[in-house]
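Every read-out reported here was derived from the displayed coordinates using simple, explicitly stated rules and does not represent laboratory data. Keep in mind that what you see is a predicted model, and the values were worked out from it rather than measured. We place every Cβ from the backbone using ideal geometry, glycine too, and count neighbours over all the protein chains shown.
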Amino acid sequence: AQTVTQSQPEMSVQEAETVTLSCTYDTSESDYYLFWYKQPPSRQMILVIRQEAYKQQNATENRFSVNFQKAAKSFSLKISDSQLGDAAMYFCAYRTPYQGAQKLVFGQGTRLTINP
Amino acid sequence: DTGVSQDPRHKITKRGQNVTFRCDPISEHNRLYWYRQTLGQGPEFLTYFQNEAQLEKSRLLSDRFSAERPKGSFSTLEIQRTEQGDSAMYLCASSPQGMSGNTIYFGEGSWLTVV
């Protein structure tokens, strides 16, 4: 079974600086999807960024980028120019590509605090 | 597009009572998911529907839990004979049919407190 591990329960960063959140996963599959989701307090979870395992190029979405190391099974999220609105729980998630299996496997989450 | 809607947002119930949560997915999304999230943890998959068919169930979904999606639109999650360990947030999500990399959209969740 696939597992996802986030080893940083909490992180903090000064506004406008850069922070990196770590994620490792375990799988025997060669093709899969990886995601970072953001969950603000009392608000719904939203997708931040997605990476297909067969793509070597790291995904980027504006201030958010990932460092995908397939051999190391590592998938970190870098947030540049941190803003107060980035404060939230961040979850790393794994999904198999096979049609019959639809579930996301989540890590434990990292609580990100932005210091003004 | 109003997003995934869940009702009620909060529910406090006494141990042993039954509770039911409703989820309205994004219109035209034929895939619907239920997850459970306890404090300080990531969401855990419970079950998945494609249209009205329940295609996958987690072992977390004990006999006291039942989910339905009778017409392939909204879904209900019922918990019978609630226990204190059922206290959690129940998240509903939906996605369009297609590649497994399609974005899954989450609702704001339904908080359950069993006292």
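If you go through region B:21-46 and keep only what is within 14 Å of A:Phe106 (Cα to Cα), touching a strand residue (DSSP E or B) at 6+ places or on another chain (Cβ under 6 Å) and part of a loop (DSSP other than H, G, I, E, B), you end up with B:Thr38, B:Gly42, B:Pro43. Can you confirm whether region A:88-100 contains a residue that is under 21 Å from B:Ser95 (Cβ atoms), outside any strand (DSSP E or B), more than 11 Å from every other protein chain (Cβ to nearest Cβ) and not small (Gly, Ala, Ser)? Scanning region A:88-100, I find no residue that is under 21 Å from B:Ser95 (Cβ atoms), outside any strand (DSSP E or B), more than 11 Å from every other protein chain (Cβ to nearest Cβ) and not small (Gly, Ala, Ser), so the answer is no. Applying the selection to region B:65-115, what residues are on the phi > 0 side of the Ramachandran plot and surrounded by fewer than 16 Cβ atoms within 10 Å (Cβ to Cβ)? Scanning region B:65-115 gives B:Gly72, B:Arg81, B:Gly98.
Each residue in region A:7-35 was checked for being out of contact with any Gly (no Cβ under 7 Å at 6 or more places or on another chain), in a loop (DSSP other than H, G, I, E, B) and surrounded by 19 or more Cβ atoms within 10 Å (Cβ to Cβ), and 1 of them qualify. Residues in region B:1-40 that are charged (D, E, K, R) and in contact with a Phe, Trp or Tyr (Cβ under 9 Å, 6 or more places away or on another chain): B:Asp7, B:Arg9, B:Lys11, B:Arg22, B:Asp24, B:Arg31, B:Arg36. The conditions of being closer than 28 Å to A:Gly107 by Cβ, more than 10 Å from chain A (Cβ to nearest Cβ), crowded, with 17+ Cβ neighbours inside 10 Å and out of contact with any Ser or Thr (no Cβ under 8 Å at 6 or more places or on another chain) are not met by B:Ser62.
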